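The values are calculated or read from the model by the stated rules, or taken from the named source; none is laboratory data. This one's a predicted model, so the numbers in the text were calculated from it and none came from an experiment. Please note: Cβ atoms are built from the backbone with ideal geometry, for glycine as well, and neighbour counts cover all protein chains shown. The area values use the complete protein model at the heavy-atom level, side chains included, leaving out ligands, DNA and RNA. Shrake-Rupley method; radii C 1.70, N 1.55, O 1.52, S 1.80 Å.
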Amino acid sequence: MDVALAALIVLWWALITYAVLGGADFGAGVWNLVAFGRSRQRQRELIHHALGPVWEANHVWLIFLIVGLFTIFPAAFAALSIALFLPLTFALIGIVLRGAAFIYRYYATDAEGTFASSWETVFSVASLLTPFTLGLSAAAVASGKLLPASGKPDATYMASWLSPFALVIGLMAIALCSTLAAVYLAVEASSAHDDELAGFYRNSALIVGAITAVLGALGLALSTVYAPLLWNGMLTRAWPVVIATMLIGLGTAAALFFRRYRIARVVIITEAAFLLSSWGLSQYPYILPPHYTIDGSSNEAYVIEVALICVLAGMVLLVPSLYYLFSVFKLPYPAPGIRREDKKPV
């Protein structure tokens, strides 16, 4: 296997990991926004507990993805940074505001007045903004029309990420993140023996999962016009993965229907991985179609080899550390013997 392709697969796995972990964090913000009814406070406390210890650690994968793309595919990274300057800036603003708002509103959860509600609003709006703009960016890249006809990146050229296809994929990104979060929260509530909240998030996951499927089908239909390169790549290479993604989606729905929440969590993660893999296969061999290929935009082979060695060494430290973090802090809510004030975000 070519060393550049091997490095791209590693980066794609980082993208998938960020989608299923960081994406669920954004989805939790969506559910925080729409929390209602007599269990509203319990819903938000469950979200606080689920996010508190791990929300910041999940962004490690985004940082890894950015640094890896810069190191291994510098030409494509430069073009993407310029062409997607505006949507990626909005995504960055959303990430920063969301993190700050989460901390501020956590400590103001029991406070009266506008302070807590203001940060609650910032947290939820930022949780919508970031996946939407990241979805726009992904759709713009996949369309093959991110760059003008000249092939020179232009930050003011916005046609590709404001097309109907991009807007639908942006909404689909929000729906997918919300589905992931709902499944994860159903697991959290079930572990805490809160059947009411588990049932609420189970039903929510089924509804939003169906919306995600509809938006995905609409995106495929629009790709025939707005992303023909993606559509042709799907027909020639990625159609088995697309079909598998649909079948796995049905498996997620079945697991939720029969209240097998932990199985549903595994299946929804697999579904997200297959969804992103179908995009990668459809776009192959391009990093930024149609001007930047894997081989044409990659760094020198020896640089990539050193980078992969560093990644391997880093994973030896990172993966056990993250496992330890999750195993220590991901306790059922409310954790036995732990007071609420002892579970502040780290």
### Query
Which net charge results for the neighbourhood of Gly209, defined as the other residues with beta-carbon distances under 14 angstrom from its beta-carbon, given Lys and Arg at +1 and Asp and Glu at -1?
+1
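Mean shadow of the chain, computed from the convex hull of its alpha carbons, in nm²?
Working: hull surface 69.9 nm².
Its Cα hull, projected and averaged over all orientations, spans 17.5 nm².
What is the extension gain from Leu220 to Tyr104, computed as 0.36 nm multiplied by their sequence separation minus the C-alpha to C-alpha distance, in nm to one decimal? List each step's numbers first, then the result.
Values: separation 116, 0.36 × 116 = 41.76 nm, distance 4.01 nm.
Working it through step by step, the gained length comes to 37.8 nm.
Please give the peptides 38-50, 301-313 ranked by average Cβ packing (other Cβ atoms within 10 Å per residue), highest first, as a rough proxy for protection.
Details: 38-50: 17.7, 301-313: 13.7.
So the order, starting with the most tightly packed, is 38-50, 301-313.
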### Query
Under a GNM of the chain (C-alpha, springs under 10 Å), which listed residue has the highest mean-square fluctuation: Phe36, Phe165, Phe200?
Phe36
#### Entry: Gyration tensor (alpha-carbon) shape descriptor, the range 62-206, a/c threshold 1.5
prolate
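Based on the alpha-carbon gyration tensor of the range 127-167 and its eigenvalue square roots a ≥ b ≥ c, which shape applies: rounded if a/c is under 1.5, prolate if not and a/b is larger than b/c, or oblate?
Values: a/c = 2.50, a/b = 1.98, b/c = 1.26.
It comes out prolate by the Cα gyration axes.
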#### Entry: Prolate/oblate/rounded call for the range 265-308, Cα gyration tensor, a/c under 1.5 rounded
oblate
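Roughly speaking, to the nearest percent, how much of the chain's 1.4 Å accessible area is carbon and sulfur?
Values: 11820 of 16290 Å².
Solvent-exposed carbon and sulfur of the chain make up 73 percent of the total.
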### Task
Quick one: go through the range 272-296 and flag any residue whose amide nitrogen is under 17 Å from the point 7 Å out along the Cα-to-Cβ line of Leu5.
277-288, 293-296
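All other residues with a Cβ under 12 Å from the Cβ of His291 taken together, and with Lys, Arg as +1 and Asp, Glu as -1, what is their net charge?
Values: positive: Lys145, Lys152; negative: none.
Cβ neighbours under 12 Å give a net charge of +2.
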### Query
Per residue, how many Å² of accessible area does the chain show with a 1.4 Å probe?
47 Å²
### Rounded to the nearest 20 debye, dipole of the range 83-201 from Cβ charges on Lys, Arg, Asp, Glu
780 debye
### Task
Name the most mobile residue of Thr179, Thr71, Thr133, meaning the one with the largest mean-square fluctuation, in a Gaussian network model of the chain with Cα contacts below 10 Å.
Thr71
### Query
Which residue, chosen from Ser163, Ile269, Leu97, occupies the Cα position most advanced towards the positive end of the dipole of the chain, where the dipole is computed from +1 (Lys, Arg) and -1 (Asp, Glu) charges on Cβ about the Cα centre?
Ile269
### Task
Order Tyr226, Tyr18, most accessible first, counting only protein heavy atoms with a 1.4 angstrom probe.
Tyr226, Tyr18
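Take each complete run of DSSP H in the chain, measure how far its Cα atoms stretch along the helix's own axis, and keep only those covering 15 Å or more with mean Kyte-Doolittle hydropathy at least 0.0; list them.
On the way: long enough: 3-33 (44 Å, 1.64); 40-51 (17 Å, -1.37); 60-72 (18 Å, 2.84); 85-107 (34 Å, 1.33); 114-143 (43 Å, 1.10); 164-191 (41 Å, 1.80); 195-226 (46 Å, 1.12); 239-257 (27 Å, 1.89); 261-283 (33 Å, 0.86); 301-329 (40 Å, 2.12).
The qualifying helices are 3-33, 60-72, 85-107, 114-143, 164-191, 195-226, 239-257, 261-283, 301-329.
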### Query
What residue among Ala28, Ala198, Ala244 has the largest mean-square fluctuation in a Gaussian network model of the chain, using Cα springs under 10 Å?
Ala244
### Message
Under 17 Å from a point placed 7 Å out from the Cα of Arg237 along the Cα-to-Cβ direction: which residues of the range 1-36 have their backbone N that close?
### Response
1-13
### Task
Please list the non-local residues whose amide H lies under 5 Å from the amide H of Ile287, H modeled 1.01 Å from N, same-chain partners needing a gap of 5 or more.
Tyr292, Thr293, Ile294
